[in-house]
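What follows is a set of notes on a single structure, which appears directly below.
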Amino acid sequence: HDFKTPISVIQGYAKALSDGLVPSEKQTQYLETISRKADLLNDLINTFHEYSKLEHPDYIMTFESCDICVFLRDYMAEKYSELELLGFEVDIDIPELHFIGKIDKLQLKRAFENIISNSIKHNKSGTTLYFHLIPIESHIKITIADNGCGIPPDIAQTIFEPFVVGEKSRSNKGSGLGLAISKKIIEAHGGKISLIQPPKAEFQTQFEIILPIQEKA
């Protein structure tokens, strides 16, 4: 469905243009639609490729020792201006502590991006996004949450399974792979990701990520 719909639109619009069936005043609109659908297809292909790589038994992540708190502070500093421009409020709480862990920076960032992108996609301007970290013995707990519209009950129990989408996701042509990819990445780090049900009172959606640490720096 995700591939078939944009391909059908591209084929239909391209044939109409080729056959001279589109009035000159509407040709630009048709070409812009073709371009948008091609961009969507490209994004879907990249997502499917990323998921298939993670599924392959020979795929190896590039782990390196890293101060996870510094890594997360730098990551959220990059995201802050983007979220602010989109009209989102941001509540960040990463303590001035130092924990060393082995992580694949690129892949871990991708896991966070998928979760935050979902929040951006499904919530309105003015929603607050929360990114909190607390230490728990030999692990850290990261909470990524928002006070937006919440996750529909029909997909809450299967949210991390591949190709699971709700009606809103389907209307936005989501692949249903973003959170499945995040889960695989987190688990490859020896961690765990959960959707907290019900969320804390101040949240509507609450993801909890547990990651191991090697030592306190």
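The values are calculated or read from the model by the stated rules, or taken from the named source; none is laboratory data. What you are looking at is a predicted structure, and each value in this text was computed from that prediction instead of being measured. Positions of Cβ are backbone-derived with ideal geometry, glycine not excepted, and every protein chain shown enters the neighbour counts. Ligands, DNA and RNA are excluded from the accessible area calculation, which covers all protein heavy atoms including side chains. Shrake-Rupley method; radii C 1.70, N 1.55, O 1.52, S 1.80 Å.
Order Leu106, Leu44, most accessible first, counting only protein heavy atoms with a 1.4 angstrom probe.
On the way: Leu106 115, Leu44 5 Å².
These residues rank, largest area first, as Leu106, Leu44.
Heavy-atom accessible area with a 1.4 Å probe sorts Thr5, Thr143, largest first, into Thr5, Thr143. Surface calculation, 1.4 Å probe, protein heavy atoms: Leu97 sits at approximately 50 Å² accessible.
Per-residue ellipticity at 222 nm computed for the chain from its helices equals -15500 deg cm²/dmol, with DSSP H segments shorter than 4 residues left out and the rest contributing -39,500 (n - 2.57).
In the set [x] 117; [y] 129; [z] 144, the label that goes with volume of the Cα convex hull per residue in Å³ computed for this structure is [z].
Rg and Dmax of the stretch 1-97, based on Cα coordinates, read 21.6, 65 Å. At q = 0.12 Å⁻¹, what base-10 log of I(q)/I(0) does the Debye formula yield for the stretch 54-153 when every alpha carbon is treated as an equal point scatterer in vacuo? Debye output, listed in q order: -0.46.
Less than 5 angstrom separates the built amide H of Phe88 from those of Gly126, all sequence-distant by 5 or more or on a different chain. Rounded to the nearest 10 degrees, the inclination of helix 105-122 to the longest alpha-carbon principal axis of the chain is 60 degrees. When nucleic acids and ligands are ignored and a 1.4 Å probe is applied, His189 ends up with an accessible area of around 20 Å². Distance between the modelled labels on Ser18 and Ile134, one decimal in nanometres: 6.1 nm (7 Å Cα→Cβ projection). Residue by residue, the stretch 65-78 carries 3J(HN,Hα) couplings of 5, 8, 6, 5, 5, 5, 4, 5, 4, 5, 4, 6, 5, 5 Hz when phi is fed to the Karplus relation 6.51 cos²θ - 1.76 cosθ + 1.60 (θ = phi - 60°); x denotes Gly or Pro. Shape class for the stretch 104-147: oblate, because the ratio a/c of the largest to smallest gyration tensor axis (alpha-carbon atoms, square roots of eigenvalues) is 1.5 or more and b/c is at least a/b.
What percentage of the solvent-accessible surface of the chain, computed with a 1.4 Å probe over protein heavy atoms, is contributed by carbon and sulfur atoms? After summing per-atom areas, the C and S share lands at 51 percent. With a 1.4 Å probe rolled over the protein heavy atoms of all chains, the accessible area of Cys69, Cys149 falls in the order Cys149, Cys69, largest first.
Proximity of backbone amide H atoms, modeled 1.01 Å from N, is registered between His139 and Ile213 at under 5 Å, excluding neighbours fewer than 5 places apart on the same chain. If only the Cβ of Lys and Arg carry +1 and only the Cβ of Asp and Glu carry -1, the dipole of the chain around its Cα centre is close to 560 debye. Pairs spanning more than 19 Å between alpha-carbon atoms, out of Lys141/Lys183; Lys37/Lys109; Lys105/Lys200; Lys105/Lys141; Lys37/Lys184; Lys53/Lys105: Lys37/Lys109; Lys105/Lys200; Lys37/Lys184.
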